[in-house]
Amino acid sequence: MSEPTNEPIKPGDIDGVIHERARLSIVSALAVTAQLSFNELKAMLGLTDGNLSVHARTLEEAGYIVVEKSFQGRRPHTAMRLTPKGRKAFTRYLETLQQIVEQGNRGRQDFS
C-alpha cells in the first residue's frame with residue numbers, strides 16, 4: 001500500500017474505467033475468483049446481456065479482463081477473468097479510495 005499523502009486526490013487519480021458502477025462490480029467479482037461465466041456474472045450482478053457485454057468490452061479493451069468464448073457441447077460459453085494488469089489497476093483503485101478515506105478522517109480530526 002502506498003504511503004499516506006496530504007496531496008488532495010484529483011479526479012484523474014481515480015481510474016475512470018473501473019470507477020463506473022457496473023464495471024466496478026465486474027472487476028470486484030472477478031478479483032475474488034479465478035474466472036466467472038457470462039451467465040454467472042449476469043445473475044450475480046443483476047445486469048442485462050447488453051449491459052454486461054458493453055461493460056465487459058470496455059474492460060477488455062483496457063486490458064483489465066480476458067473474455068474467452070468457447071463451446072460446451074453445442075452451446076456457446078463465455079468466461080471472463082481478471083488480467084494481471086486488471087488486478088494491478090484494481091489494487092491501485094482501492095489504494096486511492098483508502099487515501100480518500102484517510103484524508104477525510106484526518107480532516108474530521110482537525111475539526112474536533
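FYI, it's all coordinate maths here, none of it is from the lab. Because the structure is predicted, anything quoted here is derived from the model rather than measured. Virtual Cβ from ideal backbone geometry, glycine too; neighbours counted across all protein chains shown.
A few notes on this one:
- Each residue of the range 98-105 was assigned a 3J(HN,Hα) from its phi angle through the Karplus expression (A = 6.51, B = -1.76, C = 1.60, θ = phi - 60°), giving 4, 4, 4, 4, 4, 5, x, 5 Hz with x at Gly and Pro.
- Amide H within-cut-off set for Q35, under 5 Å, with H built and near neighbours excluded: none
- Net charge in the neighbourhood of T33 (other residues with Cβ under 14 Å of its Cβ; Lys, Arg +1, Asp, Glu -1) is +1.
- The chain - mean residue ellipticity at 222 nm from DSSP helices (-39,500 (n - 2.57) per run, n ≥ 4, rounded to 500): -17500 deg cm²/dmol
- Cβ charges +1 (Lys, Arg) and -1 (Asp, Glu), total dipole of the chain, debye: 500 debye
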